[in-house]
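Engineer: Take a look at the following structure, please.
Please treat every number below as a calculation from the coordinates, not as lab data. Since the structure is predicted, the reported quantities are computational estimates derived from the model, not experimental observations. Here the Cβ positions follow ideal geometry from the backbone for every residue, glycine too, while neighbour counts run over all protein chains shown.
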Amino acid sequence: MADYQKDGEQPPLHYEGAIPIIPGEAEREQTARQAEQIAEREYKQRQMAIQAGILKTQIALVAFGIVGAGIGIYQAHTARINADAANSAAQTARDTLIEIQKNAASSTGQFNIQLGKLDDSVKQSSRLADATEKANANILGADRPWISGWMQVSDFDAGKKPTFTWTFTNTGKRPARVTLSANRESLYAGFPPNPDEQYIFDTTPSTNFVVPGQGVLSTTVADTELTQQEIDLLSSQTEIQFFAFAKVEYIDVKTNAKYWTHLCFRYIPKFKTTGNGGFRNCTEYNDAK
């Protein structure tokens, strides 16, 4: 008891039944050895765990090094392939340029020859197109409507009202739509400067559809009778003259092209007959389009 009190420790106890038993010296030493063995075993286990962690880290570092080395080798190999490809492309371009330079003169000559042939072909095509266009226009023109005209006069005598009958006939090959027809008969002191200004329209002009071969009549009766004095003036070859004008305007129903016909007759006493009353064609204003 004195040793435990001196060290400030209480001896371990165990019980046998209800009686506490204090262990002896040998028993205490054995317990101490067991505690030391347990502590030593735990220490060794900790050291082994630390060493295993270090080993794993080293293995990982080695693996990373191997992977990095592989990547570097691959990059170097790829760079070499790209460099070889670039060098090959440059060599091919150089060879091509040399070939072009060798054949430049020959190519230029061939190009000029081909260009000349192309120009000739274009000119020929243009001539053929113009000829075709003219041929088509001639065909259309040959088949167009043509309206001609004629005039008959009766009762052109003193004391009578002359009657003027105008006949317009489509002598062409296509129908025509007449948009205007007009006539004017009167005494004039010479040929009027512009016969188109002589027409008088009391109503809106009527329109007609005239097929090939069809004729259209227009009849005019003078408002007053001719006097003997007027007949004598016309027969004396003075400047007083009698003119009859007419015009017709029409459209080709196929092409919508516009056309016209002008007519002019002059009274000449010495040519007077039963058929025309002495009227002959004028030297002017007898035209058509």
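Engineer: Place a point 7 Å from the Cα of Glu230 along the Cα-to-Cβ direction; which residues of the range 261-289 have their backbone N under 14 Å from it?
Structural biologist: Hits in the range 261-289 for Glu230 at 14 Å: 267.
Engineer: Taking 7 Å along the Cα-to-C-beta vector as the label spot, tell me the Ala39-Ala189 distance in nanometres, rounded to one decimal.
Structural biologist: 16.3
Engineer: Okay, next question. Quick check: net charge around Gly278, other residues with Cβ under 12 Å of its Cβ, Lys/Arg +1 and Asp/Glu -1?
Structural biologist: Values: positive: Arg266, Lys270, Lys272, Arg280; negative: Asp157.
Counting the neighbours of Gly278, the net charge comes to +3.
Engineer: Could I ask something else about it? Starting from the Cα gyration tensor of the range 147-281, multiply each eigenvalue by 5, take the square root, and state the resulting semi-axes largest first in whole Å.
Structural biologist: Working: eigenvalues 183, 43, 34 Å².
Three semi-axes, in Å: 30, 15, 13.
Engineer: Thr92 to Ala257: FRET efficiency via 1/(1 + (r/R0)^6), r the Cβ-Cβ distance, R0 45 Å, to the nearest 0.05? Before the final figure, lay out the partial values.
Structural biologist: Working: r = 65 Å, r/R0 = 1.45.
The calculated FRET efficiency here is 0.10.
Engineer: Report the FRET efficiency, 1/(1 + (r/R0)^6), for Leu217 and Arg127, where r is their Cβ-Cβ distance and R0 is 45 Å, rounded to 0.05. Write down the numbers at each step before the final one.
Structural biologist: On the way: r = 48 Å, r/R0 = 1.07.
E between Leu217 and Arg127, to the nearest 0.05, is 0.40.
Engineer: In addition: Test of understanding: what is the full-extension gain from Gln47 to Asn112, defined as 0.36 nm times their sequence separation minus their Cα-Cα distance? Mind showing how you got there, number by number?
Structural biologist: Working: separation 65, 0.36 × 65 = 23.40 nm, distance 9.39 nm.
In short, 14.0 nm is gained.
Engineer: Would you mind calculating the gained length between Glu197 and Thr274 on full extension (0.36 nm times residue separation, minus the Cα-Cα distance), in nm to one decimal?
Structural biologist: Numbers: separation 77, 0.36 × 77 = 27.72 nm, distance 3.07 nm.
Separation in residues times 0.36 nm, less the Cα-Cα distance, equals 24.6 nm.
Engineer: Can you flag which of Lys173/Lys270; Lys161/Lys270; Lys102/Lys123; Lys160/Lys247; Lys247/Lys272; Lys160/Lys270 are past 29 Å Cα-Cα? Could you put the intermediate results ahead of the total?
Structural biologist: Working: Lys173/Lys270 38 Å; Lys161/Lys270 20 Å; Lys102/Lys123 34 Å; Lys160/Lys247 26 Å; Lys247/Lys272 24 Å; Lys160/Lys270 19 Å.
Over 29 Å apart, Cα to Cα: Lys173/Lys270; Lys102/Lys123.
Engineer: Let me ask you something else. Defining a contact as two alpha carbons under 8 Å apart and six or more residues distant in sequence, what relative contact order in percent does the range 147-281 show? Spell out each step's value before the answer.
Structural biologist: On the way: 284 pairs, mean separation 43.6, N = 135.
It comes to 32 percent, rounded to a whole number.
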